[in-house]
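Single-structure report; data block below.
The values are calculated or read from the model by the stated rules, or taken from the named source; none is laboratory data. All figures in this text were calculated on a predicted structure; none of them were measured in a lab. Don't worry about glycine lacking a Cβ; one is built from the backbone with ideal geometry, like all the others, and counts go over all protein chains shown.
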């Protein structure tokens, strides 16, 4: 399959996540090849006169009070969705308010962050950087999920376990699709590849051990489509409480097999059982 071949040609073991956290490493366009390590870093701020709106969980920096207020409200909605889906309501940010910087347009974003042109947003530490445009709200939900996931999991040294990459990305895309719908369910951002994924899904061992190096083409990637579908299945068929227990088991260092069994006892005995049930659901 051409799509599958293209996917694995760009894949690598222990590939970096879409949230670039280079530990003492490169910034800007060079960061995409760096392993994800959680650090505090920053980009150039917004120009003088930008508004700042603080809410329960976020400090939003944007041009104009109206824009800042709208983004702040959307961010709190996204945060609530993430907490609801992961059942992490008792989890509180460890570094104060999450910072959200929204540049005026793509040109300012690229100039001040040095990100590649395909990038719609980036997260560093507890801060998210993006720009005004049609991608704003889905990207905000996506990057916010990564920030929360990293902070909750607290990987040793800030490095994500490569075998957890599909969980991290799948959850982020699931929240992205929610935000894209404006609260009306989910928007399928994979219409071009979902039929191929359903017809010939990637084996679970390859989902775990191989992943795209960047998110440059995540909306046309079978790997991202499948990661989102698996996480959606776990949450909506296994239950949000079960998904929370699954994450807690991963955090404690249990294997994926053990974590599935711990999170969804009586439903799936392990990863193979989950994968088999998910594959069956694709044809229903």
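Could you please give the count of residues in segment 264-284 that are in contact with a helix residue (DSSP H, G or I) (Cβ under 8 Å, 6 or more places away or on another chain), over 24 Å from residue 162 (Cβ atoms) and in a helix (DSSP H, G or I)?
Counting residues in segment 264-284 that are in contact with a helix residue (DSSP H, G or I) (Cβ under 8 Å, 6 or more places away or on another chain), over 24 Å from residue 162 (Cβ atoms) and in a helix (DSSP H, G or I) gives 3.
Sort out which residues of segment 241-256 are assigned to a helix (DSSP H, G or I) and buried (at least 16 other Cβ atoms within 10 Å of the Cβ), and write them in order of number.
The answer is 242, 243, 244, 245, 246, 247, 248, 249, 250, 256.
May I ask you to list the residues in segment 189-204 that are crowded, with 19+ Cβ neighbours inside 10 Å and not in a loop (DSSP other than H, G, I, E, B)?
197, 204
Could you pull out the residue among 89, 101 that is under 20 Å from the mean Cα position of the chain (by Cα) and within 30 Å of residue 237 (Cα to Cα)?
Just a single option satisfies the conditions, and that option is 89.
Of the numbered conditions (1) crowded, with 20+ Cβ neighbours inside 10 Å; (2) part of a helix (DSSP H, G or I); (3) in contact (Cβ under 8 Å) with a residue 12 or more places away in the chain; (4) over 20 Å from the mean Cα position of the chain (by Cα), residue 261 satisfies every one except a single condition; which is it?
(3)
If you take the residues of segment 75-114 that are buried (at least 20 other Cβ atoms within 10 Å of the Cβ) and part of a helix (DSSP H, G or I), which of them is modelled with the lowest pLDDT?
Here the residue is 86.
Would you tally the residues in segment 39-72 being closer than 14 Å to residue 100 by Cβ and in contact with a strand residue (DSSP E or B) (Cβ under 9 Å, 6 or more places away or on another chain)?
22
Would you mention how many residues in segment 125-158 are closer than 26 Å to residue 248 by Cα, over 11 Å from the mean Cα position of the chain (by Cα) and buried (at least 24 other Cβ atoms within 10 Å of the Cβ)?
Of the residues in segment 125-158, 1 are closer than 26 Å to residue 248 by Cα, over 11 Å from the mean Cα position of the chain (by Cα) and buried (at least 24 other Cβ atoms within 10 Å of the Cβ).
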